[in-house]
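A.B. asks: Pasting a structure below so you can have a look.
Bear in mind that the values in this text are calculations on the coordinates, not laboratory data. Everything numeric in this text was worked out from a predicted model, so none of it was measured. Glycine gets a Cβ as well: all are built from the backbone with ideal geometry, and neighbour counts include every protein chain shown.
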Amino acid sequence: MSEGKTIAMWSGPRNISTAMMYSFDNRDDCYATDEPLYAHFLMSTGAHHPGAKEVMKNHDTDFESVISHLTGPIPGGKPIWYQKHMCHHVMGNSDISWIGGLTNCFLIRDPREVLLSLSKITDSIDLMSTGLPQQIRIVEYLRGESGHNPPIFDSNEILEDPIALLRKLCDSLGIRFDEKMIYWDPGPRNCDGVWAKYWYDSVWSSSGFAPPSKRDGDLNATLSRVLEEAEPLYQKLRDIRISV
């Protein structure tokens, strides 16, 4: 299998995406980048997220500049570049042809779990906030370009059997599996964006992939309607996922 590639992992929020970034960042051969389109998303939408002004001050808000960087040389002289992307950071009318030169993969999660988790941090939530419509758009674009489904993995299944699923992920990406991906030291990492202090408490206290646990709580009427819209999109992606 060949190395020397840029991996774009497309996820919705609250989707073990940060744990997955830490997993790749723990490899000696990998450079990791945290949500490089977040500042542009905040500037474009005015979304009321914690620390939004700080994010825009400290990270590049210019879309073309960010894309030029993401499609350029791998930083740090590493053979692998792992880019953690939130699907909802891609505007609905934006050109996504730039992703064609990347090795793309996807993380999905039961939208009820996503909404229960997300609602504890922000009240700015609608269907687009789940990232599912954007994931569908990106998957269909890639399928149209290649004729094949890109690799899609369910977050809960990764938590249930991280070694088996990470092996399958690495196989699908054409890179070797590294056992360092299973565990990492607790606490912040150099790859974190400045927003980490608002969002990453649970992963900072972790040292690896924890077994899945069903989140308790009820959704209010607004979020219940979002869930109704989100479930068919999630199932469409889940039907073509890679599993054990």
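A.B. asks: Classify the range 86-137 from the C-alpha gyration tensor, please: rounded if a/c falls under 1.5, else prolate or oblate depending on whether a/b exceeds b/c.
C.D. replies: prolate
A.B. asks: Using 0.36 nm times the number of residues separating LYS180 and ALA210, minus their current alpha carbon distance, what extension gain do you get?
C.D. replies: 9.3 nm
A.B. asks: For semi-axes √(5λ) of the Cα gyration tensor in Å, several values are listed as (1) 27, 19, 18; (2) 24, 21, 20; (3) 39, 27, 18; flag the one computed from this structure.
C.D. replies: Recomputing semi-axes √(5λ) of the Cα gyration tensor in Å here picks out (2).
A.B. asks: Then there is this: Could you give the size of the charge dipole of the chain about its Cα centre, using +1 on the Cβ of each K and R and -1 on the Cβ of each D and E, expressed in debye and rounded to the nearest 20?
C.D. replies: Charge dipole, the chain, about its Cα centre: 80 debye, nearest 20.
A.B. asks: Evaluate the relative contact order of the range 5-238 (contact order divided by residue number), counting alpha-carbon pairs under 8 angstrom at least 6 apart; express in whole percent.
C.D. replies: With pairs under 8 Å counted, the relative contact order is 30 percent.
A.B. asks: Let me ask something additional. For the range 1-96, count the residues as N, evaluate 2.2 N^0.38 Å, and divide the Cα radius of gyration by that value, please.
C.D. replies: In units of the 2.2 N^0.38 Å rule of thumb, it is 1.10.
A.B. asks: Within the range 78-99, find all residues whose amide N lies under 17 Å from a label point positioned 7 Å from the Cα of ILE121 along Cα-to-beta-carbon.
C.D. replies: 84-90, by backbone N distance to the label point.
A.B. asks: Let me check I've understood the local charge: for TRP195, count other residues with C-beta under 9 angstrom from its C-beta, Lys and Arg +1, Asp and Glu -1. What total comes out?
C.D. replies: -3
A.B. asks: From the cross-link list LYS168/LYS197; LYS5/LYS197; LYS53/LYS78; LYS57/LYS197, which pairs have alpha carbons spaced over 23 Å apart?
C.D. replies: Over 23 Å apart, Cα to Cα: LYS168/LYS197; LYS5/LYS197; LYS53/LYS78.
A.B. asks: Net charge near GLY51: determine it from the other residues with C-beta under 10 Å of the C-beta of GLY51, scoring Lys and Arg +1 and Asp and Glu -1.
C.D. replies: So the surrounding residues net to +2.
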